[in-house]
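Report on one structure; see the data block that follows.
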Amino acid sequence: MISIAVLAAATLAAGPVGAITYGQPDGTGHPNVGALIAEWSTPGVKEILCSGTLIATRVFLTAAHCTAFLESLGIPNTQIWVSFDQDADPVTASTNLIQGQWITNPGFNQRQSDPGDVAVVLFSQNVQGITPAQLPTAGLFDQLGPRGLRRQKFTAVGYGVQAPEIGGGPPNWPFDGMRWKAVSEFRALTPAWLRLSQNDATNDGGTCFGDSGGPNFLGADAGETPVVAAITITGDAMCLATNVTYRLDRPAPRNFLANFVVLP
């Protein structure tokens, strides 16, 4: 069971976000998706904070509200690790950790119009044996539009909690520290956001506490692509209806990421 502190951190500045709901363990399906780990809750104890994706051999993409939270605690930006293990919690001596340095987008804000909610973790050496994911081309989803995106599937991946167990008291969000995946369908497009359904009644999965910064790949199953369409930012309080993801095809995130990767 994930702690209340984890839930609070995951909801910082953007509302509830987090783990995969109505999905399944990812196994080896997305080796370029990792857990963002820091000593943020208990001194000396490394814990999962958020999720993210390797987008270049030395660049890990995550959400700015995750790194800004660490900054608010006064934690140095070199006290951050990423694990690409399928099971990354609890962190033990056998957990494969890569230390890095985070950089929060200086344009990060809390405006719904465009929060600039992206950050990177930079590694001093190339990550070996893992193929980085790809970023979308500029304006891709504007070109497709709501009509072109109708019934489009997306694959969310992350290390957060699973679907809430409701009944007989406060909701319980199971947590196993493993990388999970779920498939959801397009719901709405705005200038900054891709809103995805995660309604189990329509066979859609999604995200919850702990998946912040994690990828939503364009496509699903046999049609899945290596393109990170958007990253998980927020959703409804119970993680039952909507996964609200920040588009990566827009100028604000692209301008920041251009400092670290070659954009398509």
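The values are calculated or read from the model by the stated rules, or taken from the named source; none is laboratory data. Just so it is clear, the model here is predicted, and its values are computed rather than measured. Using ideal geometry, Cβ is built from the backbone for each residue, glycine included, and neighbour counts are taken over all protein chains shown. Each accessible area value is taken on the protein alone, full model and side chains, heavy atoms only, with ligands, DNA and RNA left out. Shrake-Rupley method; radii C 1.70, N 1.55, O 1.52, S 1.80 Å.
Taking the solvent-accessible surface of protein heavy atoms with a 1.4 Å probe, what is the per residue accessible area of the range 87-143 in Å²?
Each residue of the range 87-143 exposes 54 Å² on average to a 1.4 Å probe.
Here the range 107-159 exposes an accessible surface that is 45 percent carbon and sulfur, computed with a 1.4 Å probe and the other protein chains kept in place. Across the range 129-141, coupling constants 3J(HN,Hα) worked out from phi with the 6.51/-1.76/1.60 Karplus curve, θ = phi - 60°, read x, 10, 7, x, 6, 10, 9, x, 6, 4, x, 3, 7 Hz, and Gly and Pro carry x.
Using the Cα gyration tensor of the range 56-170, with a ≥ b ≥ c the square roots of its eigenvalues, what is the shape: rounded (a/c below 1.5), prolate (a/b larger than b/c) or oblate (neither)? Intermediate results must be reported in sequence, preceding the final value.
On the way: a/c = 1.42, a/b = 1.21, b/c = 1.18.
The shape class here is rounded.
Using all pairs of distinct alpha-carbon atoms, the Kirkwood hydrodynamic radius of the range 71-139 works out to 14.8 angstrom.
Ranked by the mean number of other Cβ atoms within 10 Å of their residues, highest first, the peptides 189-196, 144-151 fall in the order 189-196, 144-151.
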